[in-house]
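Since the structure comes first, as structure tokens, the remarks are kept for the end.
The values are calculated or read from the model by the stated rules, or taken from the named source; none is laboratory data. Given the structure is predicted, the values throughout are model-derived calculations rather than measurements. Don't worry about glycine lacking a Cβ; one is built from the backbone with ideal geometry, like all the others, and counts go over all protein chains shown. Accessible surface areas use protein heavy atoms only, side chains included; no ligands, DNA or RNA. Shrake-Rupley method; radii C 1.70, N 1.55, O 1.52, S 1.80 Å.
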Amino acid sequence: MQIAIEIKTTKKEEIIDITGQVKEIVKKSDIDEGICLVYVPHATCSVIINENYDKAVCEDILATLNKIIPLHDNYKHDKIDNNAAAHIKAAILGPSQSLSVHDGILQLGQWQGIAIAEFDGPRDRKVYINISR
Amino acid sequence: MQIAIEIKTTKKEEIIDITGQVKEIVKKSDIDEGICLVYVPHATCSVIINENYDKAVCEDILATLNKIIPLHDNYKHDKIDNNAAAHIKAAILGPSQSLSVHDGILQLGQWQGIAIAEFDGPRDRKVYINISR
Amino acid sequence: MQIAIEIKTTKKEEIIDITGQVKEIVKKSDIDEGICLVYVPHATCSVIINENYDKAVCEDILATLNKIIPLHDNYKHDKIDNNAAAHIKAAILGPSQSLSVHDGILQLGQWQGIAIAEFDGPRDRKVYINISR
């Protein structure tokens, strides 16, 4: 089973919460115990899991990534397509997160939300959700 | 199947090996071939896989993360809860690791151990272990 | 089911594409829907997913990691085995990636390739491929 959801990002960089959509897909599946994969088929965005209560956490994450991996820094790929920093961030953070499904419920912690981290928007993004028993 | 284990961390930052506990859970399950998920339901700690023989590797990992992501650096979230750096580290490293189960045995390499990386302790932490066929 | 493939790396640091080999293993398995784990049982290399069309992206990733985590920086582990930076990179990037299998096909995006990131070569490396239903 693979369910795809579509997300329109609106900025160059942003973190967009998709927790509700993933929870709903898990609830509607008939799987009680398993592993849920949340995957983006893109090379300039990532899936992250972190606090989604105080939105300042998302701003701190994006700002810190930009200090570590500046938007422009004599990257070779910038001569081909001006988004090398987005590729580097996506490679380090990775395109997916895996979660536990137990008693039919996605086992997120109290302060954990699932989000798409966009590094080269605005773009139309897809997210694949798979659940394995 | 989800098994939860509990870990009490004792410092602000530390890396605590849980390899033996995860291996034991895999051995006791009746699953010969599959994927094992090791997941923390927390937003200020992570699961890492790396060398657990020379403990200096753990010290080098924590020290390097603190150079890259300083404990305090005008983070916006620090005004709400003084642990923004811990959230950023946890977001970048992620809350889980997935491993192969083959012939009923967790397929760790010779120099690989599984550990909890605490970034905002001391706290009571949970770890969820799931095995999918 | 676990299939192991073997990769000989030839440099201290390099990114070696294994997309074709993983796709072939997925195609030959009789699994239509599931999660595919690509895992290296090593503590000084990682699996990454990113663009494999413009090779400059790989050079930018390795160069940026070396700016963030210099090859030598008074690491404690360097006194035991002169490869602390490789361990730190491998711990942050992690030893695996998980992907979706749908309709019997590995669901990579148009610009995504799977690769081994070697941080302490040249070495003989193994990659484990598992597919869970």
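In chain B, the beta carbon lying closest to the axis that superposes B onto C belongs to the residue given here with its whole-angstrom distance, B:132, 3.
Its residue count N fixes a reference of 2.2 N^0.38 Å for the stretch A:2-132, and the Cα radius of gyration divided by that reference is 1.10. Looking only at the stretch B:69-88, which residues have a backbone nitrogen under 15 Å from a spot 7 Å from the Cα of residue A:67 in the C-beta direction? What the label zone holds, given the 15 Å backbone N cut-off, is B:69-79, B:83-88. Considering only B:28, B:12, B:89, the Gaussian network model of chain B with Cα springs below 10 Å gives its largest mean-square fluctuation to B:28.
Of A:89/B:55; A:28/C:28; A:11/A:79; B:23/B:126; B:28/B:89, which sit over 26 Å apart, Cα to Cα?
Violating the 26 Å limit, Cα to Cα: A:89/B:55; A:28/C:28; B:28/B:89.
Under the criterion of Cα pairs below 8 Å and six or more residues apart, the relative contact order for chain B equals 54 percent. Counting only Cα atoms, the size of the stretch C:73-132 along its three principal axes is 50, 21, 20 Å, in decreasing order.
Return the tail of the calculated pair distribution for the stretch B:1-55, meaning the percent of Cα-Cα pairs more than 17 Å apart. Of all Cα-Cα pairs in the stretch B:1-55, 46 percent lie more than 17 Å apart. At each listed q (0.12 Å⁻¹), what is the log10 of I(q)/I(0) that the Debye formula gives for the protein assembly as shown modelled as equal alpha-carbon point scatterers? Values returned for q = 0.12 Å⁻¹ are -0.88. A Förster distance of 51 Å, applied to the separation of the beta-carbon atoms of residue A:8 and residue B:124, puts the FRET efficiency at 0.80.
Gaussian network model of chain A, Cα springs within a sub-10 Å range: biggest mean-square fluctuation belongs to which of A:15, A:31, A:116? Between A:15, A:31, A:116, it is A:31 that shows the largest mean-square fluctuation.
Here chain A exposes an accessible surface that is 50 percent carbon and sulfur, computed with a 1.4 Å probe and the other protein chains kept in place. Buried surface for the A/B pair, taken as the accessible area of each chain alone minus that of the pair with a 1.4 Å probe, is close to 2400 Å² in total. In chain C, the calculated helix contribution to ellipticity at 222 nm averages -7500 deg cm²/dmol per residue, counting -39,500 (n - 2.57) for every DSSP H run with n ≥ 4.
Taking a straight line from the alpha carbon of residue A:8, these aspartates and glutamates sit under 16 Å away, with near neighbours fewer than eight places off in the same chain left out: A:17, A:118, A:120, A:124. Shape annotation for the stretch C:32-81: C-alpha extents along the principal axes are 49, 27, 12 Å, from largest to smallest. Each Lys and Arg adds +1 at its Cβ and each Asp and Glu adds -1 at its Cβ; summed about the Cα centre, the stretch C:2-132 shows a dipole of about 380 debye.
For residue B:55 and residue B:31, the FRET efficiency from 1/(1 + (r/R0)^6), where r spans their Cβ atoms and R0 equals 35 Å, is about 0.65.
Note the distances from residue C:59 to each other copy's matching label point, with points 7 Å along the Cα-to-beta-carbon direction, in nm, sorted shortest first. In ascending order, 3.8, 3.8 nm.
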